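Written out below as structure tokens is the structure these notes cover.
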Amino acid sequence: MARTEGLVTSIQVGRPQLRGDENAEDPWDRRWFSGFCKEPVAGPLALRRLNLEGDAQADLENHGGVDKAVLCYAAAHYDVWRRELAKPDLPFGGFGENFTVDGLAEPDFCIGDVWSVGSAVVQVSQARQPCWKLARRWKIKTLALQVQQNGRTGWYLRVLTEGVVAPRAPITLVERPNPAWTIARCNRIMHVDKTDLASAAELAALPTLSASWKNTLTNRIEKGLEPDARRRLEGRA
């Protein structure tokens, strides 16, 4: 049974910055520009319609916007990743998330869920689709693909009511209109069960699903088209 209460145990923000050295011998160490690398905050900050105070995205075509104002990731995944990647010091925020959420994960969030956190009200819009920046951050070329395959993706929130949030803030379910559509199930339909067009149509019809996911699923159903995921997943190193 899906849980309905958790804790935003850590909050991370960051603005786009240029990283690396254009003359580096190792391709992984060459220049790249991104807002992926975020730092934890100690106190309260404003959560606005498009992002958290002090946060921004470099690639506004694929990140940010109303449907992707906040990226969440389950705190419980970190112990698993630390073992699997042999990175015992992997910090919260290491997967580019704004909210590291304790006590909840992909099976506990559904499309259209309304949650309260601090004085803000947020809504679940889609599962996160990992990209090459995650691979670039940790210099593991297959990391984004691993995340997609194992379903430990994280999820996005849109902001319904702006407010103030802080580390250690409770996150509590207010309303759940689509209990059948957990983030875990959405990941399966998007990335694994691609021939299940009936479920894809049901998911695409949800009014609170993000515009980008609606577009992808509609193209699958009506035209048999799938986006080329290689550039998103494989990295540029």
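A few remarks follow.
- Cα convex hull volume per residue for the stretch 101-189 (Å³): 107 Å³
- Each peptide in 21-31, 62-72 receives the mean, over its residues, of other Cβ atoms within 10 Å, and ordering these scores from highest gives 62-72, 21-31.
- Computed over protein heavy atoms with a 1.4 Å probe, the carbon and sulfur contribution to the accessible area of the chain reaches 50%.
- Under 5 Å between amide hydrogens, built in the peptide plane, is the criterion, and for G163 it picks out L47 among residues at least 5 positions away or on other chains.
- One decimal place: the segment D228-N62 gains 58.4 nm when fully extended, by the rule 0.36 nm per residue minus the C-alpha distance.
- Under a 5 Å amide H cut-off, with hydrogens placed 1.01 Å from N, S10 pairs with T100, R168 among residues at least 5 apart or on other chains.
- Label-to-label distance for E53 and T172 is 2.3 nm, based on points extended 7 Å past Cα in the beta-carbon direction.
- Using only alpha carbons, the stretch 50-105 has a radius of gyration to Kirkwood radius ratio (Rg to Rh) of 1.04.
- Shape parameters for the stretch 161-237, alpha-carbon atoms, Rg then Dmax in Å: 16.0, 45
- 3J(HN,Hα) along the stretch 218-225, derived from phi through the Karplus expression 6.51 cos²θ - 1.76 cosθ + 1.60 where θ = phi - 60°, amounts to 5, 5, 5, 6, 8, 10, x, 9 Hz, with x in place of Gly and Pro.
- For the chain, the Kirkwood estimate of hydrodynamic radius, built from reciprocal distances between every pair of different alpha carbons, is 18.1 Å.
- Sequence-separation-based contact order of the stretch 30-177, relative, with Cα cut under 8 Å and 6+ spacing, percent: 32 percent
- Shape category assigned to the stretch 18-64 from the gyration tensor of Cα positions, a/c cut at 1.5: oblate
- The count of lysine pairs in the chain with alpha-carbon distances below 24 Å, taking only pairs 8 or more places apart or on different chains, stands at 16.
- Using the Karplus relation 6.51 cos²θ - 1.76 cosθ + 1.60 with θ = phi - 60°, the per-residue 3J(HN,Hα) values for the stretch 171-184 come to 10, 10, 5, 9, 8, 9, x, 10, x, 6, 10, 5, 4, 4 Hz, with x marking Gly and Pro.
- Converting phi to 3J(HN,Hα) with the Karplus coefficients 6.51, -1.76 and 1.60 and the offset θ = phi - 60°, the stretch 187-196 yields 4, 5, 5, 6, 10, 10, 8, 6, 8, 7 Hz in sequence order, with x at every glycine or proline.
- Accessible area (Å², per residue) of the chain, counting only protein heavy atoms and a probe of 1.4 Å: 46 Å²
- For the stretch 1-133, the Cα-based Rg and Dmax, in that order, read 15.6, 52 Å.
The values are calculated or read from the model by the stated rules, or taken from the named source; none is laboratory data. In this text, all values refer to a predicted model and were calculated from it rather than measured experimentally. Glycine gets a Cβ as well: all are built from the backbone with ideal geometry, and neighbour counts include every protein chain shown. The area values use the complete protein model at the heavy-atom level, side chains included, leaving out ligands, DNA and RNA. Shrake-Rupley method; radii C 1.70, N 1.55, O 1.52, S 1.80 Å.
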